[in-house]
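Comments concern the structure below.
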Amino acid sequence: MSRILKESRRWLPGVLISLIFIIVLARSVDWQSAGKAIHALDYRYLVPFTLLYFASTGSRAMANRTLLNGKPTFRQSFGALMQGYLLNNILPLRLGELGRAFLLGRKADLATFHALSSIVIERAYDLAFAAMLLIGTLPFVLGDEVSWARPAALTTLGLVVVGLLSLHLIARFRLPLRGWVDRLAGRIPVLERHVLPRIDSFLDGLSALTSLPRFALSSFWMLSTWFFGAANYYVLLLGFVKSTPLWASIFSMGAVSLGIALPSAPASLGVFEGTMVAALAVIPTGVNTVGMIGIDSGTALAYAVLLHFLHIIFSGVIGMLAFTRDGESLMSVYAHLMPKAKGTTPIDHPD
């Protein structure tokens, strides 16, 4: 019983946050409007949506491949990406990112922490782009009505820039840093045996930030990821609300990308939908006696649920195919990931 309670402290906060979002949605959403929105959806938009989805995920796979100096093939990088999404959708503690690094390391003969460093860089890019999207679209959405929004976005962008700069400095001075860590770890046998090899792998993975061509190419692919992602959001939103401006989907994408950084249940259940409904509620689409009104809660929820559902389906099907091709199982990967999540000795490759 005590073990269960100890484990629950790791995943329970995220589940509670998701539950709060779900309860708020259940009480505030116009469910009749949500049903009508699904019924009125123009399903022809699903075709370009699907093409743009895979253009976006394919660009992310190329960015990861570039950061790892081309060691994984595109197929390996794309397969690990979809497997990571699948793991995030069903496992707690966002184990999908660690799982993706573990699987990518196995496919491309890389240490797990080497592959993980490229994913850390990806996430820094993601936060930067999300903050820039919010900053760029806030004048269209809120004007000066909400004084805290712009400073919050600018602060986030500033922190991300500091984080990228810090990663660059660590990568640039990784050799003297490694020497300092070697001397420190050499005094403690446990650190020298278990921790030092992982730090070395992680520092090696950050080397992309010291190469201008690789940094520029990875930036291009990450920019393509977000460009196709924004178009992907926009196309599906047009299937619900034909008059929606492009910046509406850009704003909602930035808001959701920052929102799902909160702890949550697997797949960011509830948090994704709640953040999307809140973002679309402030997008002016018309005027009533009170003033500007946004997309109604029912339509916004229908859009968010379909968007989330399609991502889960696409990543689930392709992720399972990749697991089958690799001869892996979800439970075996989970067994390898749990020691890492608990902070014990990481396992770079399966036995």
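Bear in mind these aren't lab numbers, they're just calculated from the coordinates by the rules spelled out. What you see is a predicted model; the values in this text were computed from it and never measured. Backbone-built Cβ (ideal geometry, glycine too); neighbour counts: all protein chains shown.
Sort out for me the Cα centre separation of segment 52-118 from segment 16-43, rounded to whole Å. If you average the Cα positions of each part, the centres end up 32 Å apart. Protection proxy ranking for 26-39, 125-138, using the average of other Cβ atoms within 10 Å per residue and placing the highest first: 125-138, 26-39.
Listed peptides 248-260, 160-172 appear in the order 248-260, 160-172 once ranked by packing, highest mean of other Cβ atoms within 10 Å at the front. Using a/c under 1.5 as the rounded threshold, could you call segment 50-110 rounded, prolate or oblate? The axes a ≥ b ≥ c are square roots of the C-alpha gyration tensor eigenvalues, and prolate needs a/b larger than b/c, oblate otherwise. Oblate shape, in that a/c is at least 1.5 and b/c is the bigger or equal ratio.
The label point for Leu262 and the one for Ser219, both projected 7 Å from the Cα toward the Cβ, are 3.3 nm apart. Summing +1 for each Lys or Arg and -1 for each Asp or Glu among the other residues whose beta-carbon sits under 10 angstrom from that of Leu87 gives +1.
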